[in-house]
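The values are calculated or read from the model by the stated rules, or taken from the named source; none is laboratory data. Just so you know, these numbers come straight off a predicted model, no measurement behind them. Please note: Cβ atoms are built from the backbone with ideal geometry, for glycine as well, and neighbour counts cover all protein chains shown. In case anyone asks, the SASA skips ligands and DNA or RNA and just uses the protein heavy atoms, side chains included. Shrake-Rupley method; radii C 1.70, N 1.55, O 1.52, S 1.80 Å.
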Amino acid sequence: QMRLYLFEERGFGYGVNVDFMTPESSTSLFFYGIDDDDPYAHWGNDDKDDADWKKNNSRLKVPSYRYEFRISNLTHLSPRTDFRGQLDVISDYNFLYDYFDDRYEEVLEPSSFIDLERQFDRMTATLYTTFRVNDFSTTLERLPEIRLDFQRQHLFGGLYYQGETSFGYYQMKWRDFDRERIYGNMVEMKDYESFRFDSLHMFYYPIKFWNINFIPRAGFRLTAYSDSSKRKITTNDLNNMFIADSVDGQPRVDVVNYDDKGGDRFRFAGEIGFELNTKFYRTWQNVKSEYFGLDGLRHVAIPYINYTFIPEPTETPEHLYYFDEVDRIDENHFIRLGLLNRLQTRRNGEIYEWLSLETYWDYYIHDAEGMDNVGDLGVVLRFN
């Protein structure tokens, strides 16, 4: 498929989109390019002076020739083994915003990755690599990450187990700005990296009273780092890093970076808690839709109470490099009140969750930095 565009004020754009399909794989190749006559147009709101101001003050420059090259592949290597990969090279941070705003709304900064996944009867093994190809993007590189996910499964008696283990070399790479900061302490964010091993093990013992389910749980998490920071980085310091990483304007915050003098660290974190829930449901057998993949429909409503207590870990998060939420685990003590709604259907002789909506509210029993005891209202919508 060829793409040709003519813009009255921006010039002539061109591109190509090619899809290769086989019974076991799908490959997509996309290219679009334009010699943009007004690359800063969207900053100006039809006011040239505004656009010129942004051109002179934005910390990221926009080139005159703008483009995207993307190639992606999905291959079913076997009934239980899948390969996924994507390479996405873009000329500048604002390219999608200017020319493909529908994609920009979905993915602010497209990623490049390689993913190999193998499913077993009781677990899933994944080899996952993410890497940065666009230096104007902030990227957590996994070079690579090996992950084992054990779905909840019966051990013996009434005891169940669920766990996950990962190991990888992680590198936090902040975006490269074209212009220096002029406010705050004018310090730029510094990249950091570490090997990390993380292993979570949770045990459950479900008990049923009439239509009430009581599920106590207990578990622990072991995490090891090859490098860490001797300098203490607070939650506020970490927030300032992400504020200073903004591409719009000149943030006025002071940046304090991790150092690399903390050496290796090992953390043990425990957790106990329980969930109390019940279930109501209704079924409509005559709801059928080939387009939406519906063969009957069942609505399940699950009101629940979830209690969680995590004592203070052996290492607090201030000296651990931040890659994801695993690194910020700290003492926590809260109660969650929630309602989970599920719409289920039948596919290939099995129950399939078509849509779910979870609404919950947390109350924190202990005080935490930067947080009130009254938590936010959370809403999670999943549509498959």
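Which of the following residues is acidic (Asp, Glu) and either under 25 Å from residue 146 (Cβ atoms) or surrounded by 15 or more Cβ atoms within 10 Å (Cβ to Cβ) (or both): 254, 227, 248? Reasoning before the result, please.
Working: 254 fails: either under 25 Å from residue 146 (Cβ atoms) or surrounded by 15 or more Cβ atoms within 10 Å (Cβ to Cβ) (or both); 248 fails: either under 25 Å from residue 146 (Cβ atoms) or surrounded by 15 or more Cβ atoms within 10 Å (Cβ to Cβ) (or both).
The conditions single out 227.
From the residues in segment 62-96 that are farther than 30 Å from residue 125 by Cβ and among the β-branched types (Val, Ile, Thr), which one is modelled with the lowest pLDDT? Break it down into steps so the answer makes sense when it comes.
Filtering segment 62-96 down to residues farther than 30 Å from residue 125 by Cβ leaves 62-69, 90-96.
Still in the running and among the β-branched types (Val, Ile, Thr): 62, 90.
On the way: 62: 88, 90: 96.
My answer is 62.
Hey, does segment 374-383 have a residue that's farther than 30 Å from residue 240 by Cα, within 25 Å of the chain's Cα centre (by Cα) and open to solvent by 90 Å² or more (accessible area, probe 1.4 Å)?
We begin by selecting, within segment 374-383, every residue farther than 30 Å from residue 240 by Cα; these are 382-383.
Right, trim to within 25 Å of the chain's Cα centre (by Cα) and you get 382-383.
Right, trim to open to solvent by 90 Å² or more (accessible area, probe 1.4 Å) and you get 382-383.
Yes: segment 374-383 contains one or more residues that are farther than 30 Å from residue 240 by Cα, within 25 Å of the chain's Cα centre (by Cα) and open to solvent by 90 Å² or more (accessible area, probe 1.4 Å).
Among the numbered criteria (1) at pLDDT below 85; (2) open to solvent by 50 Å² or more (accessible area, probe 1.4 Å), which single criterion is violated by residue 37?
Failing condition for residue 37: (1).
Pairs please, first residue from segment 135-158 and in contact (Cβ under 8 Å) with a residue 24 or more places away in the chain and of a type in the set (D, E, K, R), second anywhere and open to solvent by 70 Å² or more (accessible area, probe 1.4 Å) and not in a strand (DSSP E or B), Cβ atoms under 7 Å, 6+ apart in sequence or on different chains.
Once the first residue is in contact (Cβ under 8 Å) with a residue 24 or more places away in the chain and of a type in the set (D, E, K, R) and sits in segment 135-158, its partners that are open to solvent by 70 Å² or more (accessible area, probe 1.4 Å) and not in a strand (DSSP E or B) give 135/176.
Let me confirm something: among 360, 321, 304, which residue is surrounded by 17 or more Cβ atoms within 10 Å (Cβ to Cβ) and touching a Phe, Trp or Tyr at 6+ places or on another chain (Cβ under 8 Å)?
Working: 360 fails: touching a Phe, Trp or Tyr at 6+ places or on another chain (Cβ under 8 Å); 304 fails: touching a Phe, Trp or Tyr at 6+ places or on another chain (Cβ under 8 Å).
One residue alone meets the criteria, 321.
Taking the options 116, 108, 96, name whichever one is assigned to a loop (DSSP other than H, G, I, E, B) and of a type in the set (A, V, I, L, M). It would help to see each step written out before you state the result.
On the way: 116 fails: assigned to a loop (DSSP other than H, G, I, E, B); 96 fails: assigned to a loop (DSSP other than H, G, I, E, B).
Just a single option satisfies the conditions, and that option is 108.
In segment 213-271, which residues are closer than 28 Å to residue 201 by Cβ, under 22 Å from the mean Cα position of the chain (by Cα) and among the hydroxyl-bearing types (Ser, Thr, Tyr)?
223, 225, 235
Give just the number: which of (1) under 30 Å from residue 309 (Cβ atoms); (2) open to solvent by 30 Å² or more (accessible area, probe 1.4 Å); (3) part of a helix (DSSP H, G or I) does residue 243 not satisfy?
The single condition residue 243 does not satisfy is (1).
Condition test on residue 183, is it in contact (Cβ under 8 Å) with a residue 40 or more places away in the chain, surrounded by fewer than 18 Cβ atoms within 10 Å (Cβ to Cβ) and under 30 Å from residue 217 (Cα atoms)? Can you show your working first?
Values: in contact (Cβ under 8 Å) with a residue 40 or more places away in the chain: yes; surrounded by fewer than 18 Cβ atoms within 10 Å (Cβ to Cβ): yes; under 30 Å from residue 217 (Cα atoms): no.
In short, no.
Could you check, for segment 197-205, whether at least one of its residues is over 25 Å from the mean Cα position of the chain (by Cα) and surrounded by fewer than 18 Cβ atoms within 10 Å (Cβ to Cβ)? Spell out the reasoning first.
Pass one, segment 197-205, residues over 25 Å from the mean Cα position of the chain (by Cα): 203-205.
Filter again for surrounded by fewer than 18 Cβ atoms within 10 Å (Cβ to Cβ), leaving 203, 205.
Yes; the residues of segment 197-205 include at least one that is over 25 Å from the mean Cα position of the chain (by Cα) and surrounded by fewer than 18 Cβ atoms within 10 Å (Cβ to Cβ).
Output the number of residues of segment 310-337 satisfying the condition of being in a strand (DSSP E or B) and without any contact (Cβ under 8 Å) to a residue 40 or more places away in the chain.
So the first thing to find is which residues in segment 310-337 are in a strand (DSSP E or B), and the list is 310, 332-337.
Among the residues that remain, those that are also without any contact (Cβ under 8 Å) to a residue 40 or more places away in the chain are: 332-333, 335-337.
Adding up the residues that qualify gives 5.
Out of the residues in segment 62-97 that are in contact with a helix residue (DSSP H, G or I) (Cβ under 9 Å, 6 or more places away or on another chain) and open to solvent by 20 Å² or more (accessible area, probe 1.4 Å), which is nearest to residue 19 (Cα to Cα)?
67
Condition test on residue 169, is it over 24 Å from residue 263 (Cβ atoms), in contact (Cβ under 8 Å) with a residue 24 or more places away in the chain, not charged (D, E, K, R) and not in a loop (DSSP other than H, G, I, E, B)?
Values: over 24 Å from residue 263 (Cβ atoms): no; in contact (Cβ under 8 Å) with a residue 24 or more places away in the chain: yes; not charged (D, E, K, R): yes; not in a loop (DSSP other than H, G, I, E, B): yes.
So residue 169 fails the test.
What are the pairs with Cβ atoms under 6 angstrom where one residue, in segment 247-269, is over 30 Å from residue 220 (Cα atoms) and the other, located anywhere, is of a type in the set (Val, Ile, Thr) and open to solvent by 30 Å² or more (accessible area, probe 1.4 Å)? Sequence gap at least six, or different chains.
Cβ pairs passing all conditions: 250/182; 251/243; 253/243; 255/187.
Tell me the residue from 3, 103, 59 that is touching a helix residue (DSSP H, G or I) at 6+ places or on another chain (Cβ under 6 Å), modelled with pLDDT under 95 and either assigned to a helix (DSSP H, G or I) or more than 25 Å from residue 142 (Cα to Cα) (or both), please. Working first, answer last.
Numbers: 3 fails: touching a helix residue (DSSP H, G or I) at 6+ places or on another chain (Cβ under 6 Å); 59 fails: touching a helix residue (DSSP H, G or I) at 6+ places or on another chain (Cβ under 6 Å).
The conditions single out 103.
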